[in-house]
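**Student:** Here it is, the structure, as structure tokens.
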Amino acid sequence: MASPLVNSSPPEQTAAKTTVIALAGQPNVGKSTIFNMLTGLNQHVGNWPGKTVAQKTGTCTHDGQKFTLVDLPGTYSLTANSEEERIARDYIIHGRPDIVVAVVDAAILERSLYLVAELLLLPSPVVLALNMMDVAEQEGIKIEPQVLEAALGIPVVPLCAARGTGIQELIATVESLSAGEISCQPQRPTILPGHQAILEKIRALIEDSVPVPYQPAWVALKLLEGDDEMCTLMQDALPEAIWKQVHDLLYQHEDAILDIAGARYQWIGRMIRAAVVRPKVGQLGMTARLDSVLTHPVWGTVALLAVLGAVFWLTYTLGTPLQEWLGDLVALLAESTRGALAGMPTWFANLCADGIIGGAGMVVTFLPILIIFFAVLAILEDTGYMARIAYLTDRVMHTMGLHGKSFIPLLLGFGCNVPSILGTRIIETQRARLLTVLLAPLVPCTARMAVIIVLTPLFFGDMAGLVAWGLVAAALAILALLGILLHRVILKGEQVAFIMELPLYHLPNLRSIGLYVWHNTLAFLQKAGTIILGVSAIIWLLSYFPTGVVTESYLTLFGHWLEPVGRWMGLPWQMMTALLTSFIAKENTIATLSILYGDLETALPAALTPSAALAFLVVQLLFIPCVATVATIKQEVGNRWTLVSLLLLLGLSLGAGVLVYQVGTLLGA
């Protein structure tokens, strides 16, 4: 077996040995499906230490042997140009898993094997999981796994994870390799002859200074590739005179990357030459036939609109009645709790009924919409259609410095901003994801629209429909303009590259979809739910004390403190208090105004001029989102950017309100 290019000494033995398996692969090759099939509910989702990229770990047992699985981020290479590539590479080198399972898509084997070529240069032994064999057959591609195994020199396991076939064979192979029952003698790619001498010269220069656990041959190759991380590492490790020699060689041979990549592609060609038989020229597979329609500029857009229409139909047809039913159930539970605590102090009974159960109930009523959106997202992603949606909408999103993958999360915001924020997880680049999270609360959710629909007729009568549509259009226009502005500030004008593999279509895996929905729903309840409960209780206490009358409460006092700000928009303290309570739930605006004004139909039109009424509606539409959304933003991007989001929306909404009122007053409205 050829010597590895990275130190491959075995990890320290523990008393109870657990085999650690790292799952590596490009996006959309079925890696998560294999992970879910093996671990089921025995998995944990968090973040890599110090990173915002999700970390999935899980456990499984086979023939009494316990395995720990680590699902590495999906990546096309290990050059460390992105956070995902760096995490995958560093974990294999420093974490030293016992075995790496390289998952590849059998239908696009040539493209998938490039990552395998890099994995073979790292220390851990590799097992090739040849997934989606059924999709390859469907596309007219025939693969001989035994021939491929002989060429690669590593175990190859054919499987179809979506159907659950080959999974047991995969884990059995891993167990056999771990026990030394089968061998792994990989045929590694090298470098084309044009730069072989330069590679050896760099290796000789750095050999005595390469830090553990790296090996000189691997580091030399990475330096020739132009890997920034390795260049920084060796610049610090080498004496200045030696580094100057290395740097000069790298500068003179910047084209070495072509020989490295060329050698890998030649290696891929040799590996599959005898193992893969392709369909005849001109023969179209199912994916090509579907894409002739689904990615067409006209028919693809029509199909996309139909899919989106179906999503909203499902949401309103199934989700809304369930949400209303849960709302009634929560109200009944609150009243029952109030009755059961009749002997307790009134404030305590009301806190439990309205503050705690009301807060928890709001979270519970979100669940139908959340579950539907999570399921739809998982199905669209698992079938391969999500990539087509991103492709079709890329041109529109590009104006904001985003790409098509940001379209789906923003679209979900019309239902609820919570799944919209959570939906940004499908966006690979951190800056694009952050920008999408900051823009998502500007999409008018159903709760905001409910307030607009109730209040607009009270202020504008027969013109209510036109005003409501104008408000929504204005909100979306502000979203687009703010997106362009933030693109210049956050991304520094940098264009987000839209490089996406259009995966082959295949049937979704119901188990994976179920686990995706389960884990995301559970994460929302655990993280966002605790914050919602706490803030709900605090706001309720502020609205009750010191006298038990809302008009004499601390919350109303805060409203009076905000009255000077309200005057700039023509808004009395009651309207400012309603804005405060909308932080818990946007529908609270109506409830608060009803308490403070009584009969809204007669009181509100008399309390506000048309300019002030329009200013209030504009502020309501752009104001900071509900606590559930804020909690979700905090969960996804952390405290710093949550604060930025709140300050941005607060300034934007109040500024727009002042502008609308002042201009309207000048025009005599």
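Quick note: the coordinates plus some simple rules give every number you see, no bench work behind them. Bear in mind that the values here come from a model prediction, so they are computed numbers and not experimental data. Every residue, glycine among them, receives a Cβ derived from its backbone with ideal geometry; neighbour counts consider all protein chains shown.
**Student:** For labels at His560 and Ala603 in the simple 7 Å Cα→Cβ model, what's the distance in nm?
**Tutor:** The two pseudo-label positions are separated by 1.8 nm.
**Student:** Can I ask one more? For segment 19-178, what proportion of DSSP beta bridges, expressed in % and rounded to the nearest 5, is antiparallel? If you can, show how the numbers build up before the last one.
**Tutor:** Working: 13 of 32 bridges.
Here the share of antiparallel DSSP bridges comes out near 40 percent.
**Student:** Please identify every one of the trypsin sites (Lys or Arg not before Pro) in segment 205-276 that sits in a loop by DSSP and has no more than 10 other beta carbons within 10 Å of its own beta carbon.
**Tutor:** Numbers: sites: Lys222, Lys244, Arg264, Arg270, Arg273; in loops: Arg273.
Hits after loop and neighbour filter: Arg273.
**Student:** Quick one: order Leu422, Leu341, Leu332, Leu304 by neighbouring beta-carbon count within 10 Å, fewest to most.
**Tutor:** On the way: Leu422 26, Leu341 16, Leu332 10, Leu304 19.
The order, fewest Cβ neighbours first, is Leu332, Leu341, Leu304, Leu422.
**Student:** Report ³J(HN,Hα) in whole Hz for each residue of segment 147-156, in order, from the Karplus equation J = 6.51 cos²θ - 1.76 cosθ + 1.60 where θ = phi - 60°; Gly and Pro get x.
**Tutor:** Calculated HN-Hα couplings, in order: 5, 5, 4, 5, 6, 6, x, 10, x, 10 Hz.
**Student:** How large is ³J(HN,Hα) for each residue in segment 561-571, as worked out from phi by the Karplus curve 6.51 cos²θ - 1.76 cosθ + 1.60 (θ = phi - 60°), to whole Hz, x for Gly and Pro?
**Tutor:** 4, 7, 4, x, 5, x, 4, 5, 10, x, 10
**Student:** Please state the shape class of segment 166-284: rounded when a/c is under 1.5, otherwise prolate if a/b exceeds b/c and oblate if not, all from the C-alpha gyration tensor. Spell out each step's value before the answer.
**Tutor:** Working: a/c = 3.06, a/b = 1.56, b/c = 1.97.
Oblate, because a/c is 1.5 or more while a/b does not exceed b/c.
**Student:** Going by amide H atoms built from the backbone, whose H comes under 5 Å of the H on Thr165, apart from near neighbours?
**Tutor:** Result for Thr165 returns Cys160.
**Student:** Let me ask another. So, with +1 on the Cβ of K and R and -1 on the Cβ of D and E, and no other charges, what is the size of the charge dipole of segment 19-178 about its Cα centre, to the nearest 20 debye?
**Tutor:** Numbers: 10 positive and 17 negative charges, 87 e Å.
With Lys and Arg at +1 and Asp and Glu at -1, about 420 debye.
**Student:** Calculate one ³J(HN,Hα) per residue across segment 653-660 by plugging θ = phi - 60° into the Karplus curve 6.51 cos²θ - 1.76 cosθ + 1.60, and present them in order as whole Hz with x for glycine and proline.
**Tutor:** 5, 5, x, 5, x, 4, 4, 4
**Student:** A further question on this structure: What FRET efficiency comes out for Ala179 versus Met344 if R0 is 45 angstrom and r is the Cβ-Cβ distance? Round to the nearest 0.05.
**Tutor:** On the way: r = 63 Å, r/R0 = 1.41.
So the FRET efficiency works out to roughly 0.10.
**Student:** For segment 607-666 and segment 340-354, what is the separation of their C-alpha centers, rounded to whole Å?
**Tutor:** One Cα centre to the other: 34 Å.
**Student:** Please list, in chain and number order, the residues 5+ apart from Thr75 or on another chain whose amide H is under 5 Å from its amide H, with Hs placed from the backbone.
**Tutor:** Amide H neighbours of Thr75: Gly25, Gln26.
**Student:** Pull up all non-local amide H partners of Val127: gap of 5 or more, or a different chain, and H-to-H distance under 5 Å with H placed in the peptide plane.
**Tutor:** So Val127 has HN proximity to Val100, Val101, Ala102.
**Student:** Fewest to most neighbouring Cβ within 10 Å: what's the order for Thr632, Thr429? Please list the in-between numbers first.
**Tutor:** Numbers: Thr632 29, Thr429 18.
So the residues, fewest neighbours to most, are Thr429, Thr632.
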